[in-house]
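I have placed the structure first, in the form of structure tokens, so that the comments after it can refer back to it.
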Amino acid sequence: MAVQALSDIKVLDLTWYISGPYCTRLLADYGADVIKVEKPTEGDPARKLGPFLRDDPHPEKSGLFLNLNINKRGITLNLKSEWGSKVIKELVKDTDILVENFSPGVMEKLGLDYDTLKTINPGLVMTSISNYGQTGPYRDFKATELVLFAMGSAMYSHGIPEFEPLKYALTVLQFQAGGSVAAATLGAYYGSKYKGVGQYLDVSIMETAMGNVDTRMTECMAYQYSGRVNTRQPFGGGFAVGIYACTDGYIDIAAGASNLPRLVEMVNDDRLRDPKYADPAAAFKPELKEEFDEVWLGWLSTHSKKEVVEACLKHNVWISPVQTASDVVEDTHFNERGLFVEVQHPVMGKVKIAGRPFMMEKTPWQLRRPAPLIGQHNEEVYTRLGYSKEELVVLRQQGII
Amino acid sequence: VAELPLEGIRVIDLTVSWAGPFATCILADLGAEVIKIESRYHWQQISRGVMARPPESLMSNEPVWVWGYPDRKPGERPWNRTPISNPTLRNKYSMTVDLTRPEGMDIFKRLVKVSDVVVESNAPGTMEKLSITYDMLKQQRPDIIYLRTSAYGLSGPYSSFHAIGSQIEAITGHSILRWYPDVDLSTVQVRFQSDAAAGVNGAFAVIAALHYRNQTGEGQLIDLSQSENVMTHYCQATMDYVLNGRVLKPLGNRDYYGTAPCGVYPCKGEDRWVAINITSEDEWRGFCRALGNPPWIEEERFSDNLKRFHNQDQLDKRIAEWTREHDHYALMHLLQKEGVPAGPVMDARDCYNDPHLRDRGFFEMVTQEECGTHLYPGVMWKLSATPLKIRMPPVRMGEHNEYVYKQVIGVSEEEYRDLEAKGHIGMEYIPEIM
């Protein structure tokens, strides 16, 4: 197996659900040795979230859990037990990065806060992810994907004016938070490794949403600059921008402003060659837009999705087909590039997942192991710490592991 | 004060649009010296607005994040004043050079020699046209790290396709999933999840490669396809198809996992909304207390989560009757007091007024010469030993020409004047660029 970029990094993973596990999965994907610590018996609550293999809600059959936890080792441990916090402290001695996403205050209660752990390992990078951060008036407020999206992301401007504002699909905000945390955590690790600065990271999921490049950040900027507030108005950014219907489906196109002439060439109708459309303000005039659409929508109504895509590619117009999940999984390009890989899982069997987040020439992404079964690596990890198999039997009976 | 984590790392930034600039913004936030290379002769779409010199008449158009310029005026150099680009131009340096001319390429090569990382985010082929290849970069700097991020990656049938984030939304399946059920898809709004994802994961990739370089002395090429990179964000949808052959339909604000109610409800005031999502019986009882236990909550059809899930439309009507009488922030406090996940749908005004964000100091006051003084969205994380700040305002095109040419690359005073005379160095686009 090829060497990986993060092979020498040891991660203690006290995360559950989505944002934390996605962060540590990225570290594991590029070689870090991630030990995931789960609650004895039931494990990470994400095991109860589907989709499940053949809709069977079994803790080892969650497709979500599988995606979030490949390449990690898994142990179980009751952190509330005395032995539990003792073991965490033993593991921390040999840990570069610790990530946790319990409610604020839980690590203190367990006696595992950063001030305690840094005395054991001064170089430690410890990252806490929480909904609203470790400080501030909302610290202990409750949240879900919907609530965080309403507050942190640009929900207010996403949707149709007559309808309610809309969140994005599924749980994408928590995935984005996990990616953001991974970059910061690896950055802090770099500072610890090469500059000797161990430290603590307090990450609020709401702030990772507010500070990411999708429209919330730019809307805030625009409001400060101009006093204008973004609403759920249609985009309006040009003559052919957004999603359009063709004979057998939909396409997404961006041919506003400087890209417009190429679209005009493609449609090849003299009515669109009228210089009035070249004025940058023209697309914002409803009557001109209507005139333009008459020709443009007419052209679309005689072309199939495939034909539109091919014509756009020929004329270098920004285009993509609007796809469903099945289109995506069967997509020629993604499959030819090898995005989808088969995970061999002891309970689920062979499962196809979207693998690598990106390709590194010398230190490639690897599927080293499927997601761990509950407590799969207990013996391996605990005997290495010096505990005997007999001791583990007792701990198991007491529900500590 | 300790050095920032990436202090001492130099990054050449050839990125356009959003994903690439966001990646280099994160590297800059973490302390890297990011030098943005720009050309006075070439317009890079969406990197400094959608037009270089937009007329003032466009300043009242939608979307606001494109046209909300300071004081609703384009100003002398509109490209330094765009809300679409300025937030990711913080903490960066900018130089101008025309890479299509030999002496410009010579300057670029000299800069590569003293840099650690090159990041670009153009459609594959664009860099090649300029004769910038990984081999060429390695000839200047053998251990260079080269991050290339594009819509579809450097190989495969779609590789050369031009696209921005909104097309990636469509092809990866997000456009369909994030809309109202049973509403025509041609109304779907333009959005950019993949830019956000590629930004953070691109920065992650560069740091991983830097660590590997420090261990082995070897640089490398990174191919980050923005569509592939974001795919895991939608894993429930792809997995449902893989595991069960099911093709997910749009759910609007409803929870994929079936907790109910999960919705956005109208509040007092114009276009004001609150998000409420109840995930347990405890939260439901708290919700009922907050409402003052009206008789309808006892109805059989709302008596457990499954029933509430199946009768969500009727439940929503009841909830909306109540929320309409209250302020969106007041509802958050009322419901959170009873342990119910709820929050206002915050518009930009709310963000700046929000007591929590203020308490945590999320927004930072920044003065940029051509924009004035404003509160900017800040760095996404709080680091204890090396707090990350907006150290430098959004960079203006060519602002650091003197510094980069003379101190970083080491050109002489005479050479600098010559390059200036040839038009490489300056702070204005040529007049032909609209």
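Just so you know, all these numbers are worked out from the coordinates, no wet-lab data involved. Being a predicted model, the structure only gives us computed values, none of them experimental. FYI the Cβ positions are ideal-geometry reconstructions off the backbone, even for glycines, and counts take in every protein chain you see.
Using only the Cα atoms of the stretch B:8-115, each taken as one equal point scatterer with no solvent, compute I(q) by the Debye sum, divide by I(0), and report log10 of the ratio at q = 0.16, 0.19 Å⁻¹.
For the stretch B:8-115 at q = 0.16, 0.19 Å⁻¹, log10 I(q)/I(0) is -0.75, -0.98.
Starting from the alpha-carbon convex hull of the stretch A:22-143, give the projected area averaged over all orientations, in nm².
About 8.4 nm², averaged over all directions.
Would you mind pulling out the separation of the Cα centroids of the stretch B:170-222 and the stretch A:183-239, in Å?
One Cα centre to the other: 14 Å.
Rg(Cα) of the stretch A:254-294 divided by 2.2 N^0.38 Å?
Here the answer is 1.04, to two decimals.
Return B:Thr373, B:Thr24 ranked ascending by Cβ neighbour count within 10 Å, so the fewest neighbours appear first.
With the fewest neighbours first, B:Thr373, B:Thr24 line up as B:Thr373, B:Thr24.
Compute log10 of I(q)/I(0) for chain B with the Debye formula, placing one identical point scatterer on every Cα and leaving out solvent, at q = 0.12 Å⁻¹, to two decimals.
Here log10 of I(q) over I(0) equals -1.11.
Quick check on chain B: helices-only [θ] at 222 nm, where DSSP H runs of length 4 and up contribute -39,500 (n - 2.57) each and the sum goes over total residues. Nearest 500, please.
When only DSSP H runs of four or more count, the value is -9500 deg cm²/dmol.
Please report, for the Cα atoms of chain A, the Rg to one decimal and the Dmax as a whole number; what are they, in angstrom?
When restricted to the Cα atoms of chain A, Rg and Dmax are 25.6, 86 Å.
Is the C-alpha gyration tensor of the stretch B:224-276 telling us rounded, prolate or oblate? Criteria: a/c under 1.5 is rounded; beyond that, a/b larger than b/c is prolate, otherwise oblate.
oblate
Under 30 Å Cα-Cα from A:Lys289, which lysines qualify once same-chain neighbours fewer than 8 residues away are excluded?
Partners found: A:Lys167, A:Lys276, A:Lys305, A:Lys306, A:Lys314, B:Lys73.
In Å³ and rounded to a whole number, note down the convex hull volume per residue for the Cα atoms of the protein assembly as shown.
156
State log₁₀ I(q)/I(0) for the stretch B:388-434 at q = 0.16, 0.25, 0.31 Å⁻¹ as given by the Debye formula over alpha-carbon point scatterers of equal weight, solvent excluded.
-0.55, -0.95, -1.15
Rounded if a/c is under 1.5, else prolate if a/b is larger than b/c, else oblate: which is the stretch A:111-200, with a ≥ b ≥ c the root eigenvalues of its Cα gyration tensor?
Prolate, because a/c is 1.5 or more and a/b exceeds b/c.
Tell me, what does the Kirkwood hydrodynamic radius of the stretch B:84-129 come to in angstroms if you use every pair of distinct C-alpha atoms?
In the stretch B:84-129 this quantity evaluates to 12.7 Å.
Cα axis of helix B:102-113 to longest principal axis of chain B: angle in degrees, 0 to 90, nearest 10?
Here the helix axis deviates by roughly 70 degrees.
Once the convex hull of the alpha carbons of the stretch B:241-348 is built, what does its volume come to per residue, in cubic angstrom?
Convex hull of Cα atoms, per residue: 122 Å³.
Per the Cauchy relation, a quarter of the hull surface: what is the mean projected area of the convex hull of the alpha carbons in the stretch A:124-165, in nm²?
Approximately 4.1 nm², given one-decimal rounding.
In degrees, nearest 10, range 0 to 90: what is the angle between the Cα axis of helix B:19-29 and the longest Cα principal axis of chain B?
So the helix axis and the longest Cα principal axis differ by about 80 degrees.
Give me B:Ile207, B:Ile107 ranked fewest to most by other Cβ atoms within 10 Å of their Cβ, as a rough exposure proxy.
B:Ile107, B:Ile207
Sorted from largest down, what three extents in whole angstroms do the Cα atoms of the stretch A:240-343 have along their principal axes?
For the stretch A:240-343, the Cα spread along each principal axis is 56, 25, 22 Å.
Cα-Cα pairs above 21 Å in the stretch A:152-231: how many percent?
Of all Cα-Cα distances in the stretch A:152-231, 44 percent exceed 21 Å.
In terms of modelled amide H atoms, which long-range or inter-chain residues lie less than 5 Å from the amide H of A:Asn131?
Amide H to amide H, under 5 Å and 5 or more residues apart or across chains, A:Asn131 pairs with A:Ile205.
Looking at the P(r) of the stretch B:80-185, how many percent of alpha-carbon pairs lie beyond 20 Å?
57
My understanding is that a pair violates if its Cα-Cα distance is over 26 Å; which of A:Lys10/A:Lys142; A:Lys118/B:Lys36; A:Lys72/A:Lys350; A:Lys72/B:Lys92 do that in this structure?
Over 26 Å apart, Cα to Cα: A:Lys10/A:Lys142; A:Lys118/B:Lys36; A:Lys72/B:Lys92.
Taking the C-alpha atoms of the stretch A:271-401, how large are the radius of gyration and the largest Cα-Cα span, Dmax, in Å?
Gyration radius and largest Cα-Cα distance of the stretch A:271-401: 28.2, 86 Å.
For a quick check: with amide H placed at 1.01 Å from N, whose amide H comes under 5 Å from B:Ile425's, ignoring anything fewer than 5 positions away on the same chain?
B:Glu420
Based solely on C-alpha atoms, express the radius of gyration and the Dmax of the stretch A:80-231 in angstrom.
Looking at the stretch A:80-231, its Cα Rg and Dmax stand at 18.4, 58 Å.
Straight-line reach from B:Lys422: which lysines have a Cα under 17 Å away, not including same-chain ones fewer than 8 places off?
Cross-link targets: B:Lys406.
Cross-link partners among aspartates and glutamates for A:Lys48, C-alpha distance below 12 Å, same-chain residues fewer than 8 apart left out?
Correct list for A:Lys48: A:Asp56, A:Glu60.
Tell me the Kirkwood radius of the stretch B:335-431: reciprocal of the mean inverse pair distance over distinct alpha-carbon atoms, in Å.
Kirkwood radius, the stretch B:335-431: 17.7 Å.
Taking every alpha carbon pair in the stretch B:205-252, what does the distance histogram look like in 5 angstrom bins from 0, in percent?
In order of increasing distance, the bins hold 5, 17, 15, 14, 11, 10, 9, 9, 6, 3 percent.
Using the C-alpha gyration tensor of the stretch A:234-276, what are the square roots of 5 times its eigenvalues, in whole angstrom, with the largest one first?
Working through the eigenvalues yields semi-axes of 19, 14, 8 Å.
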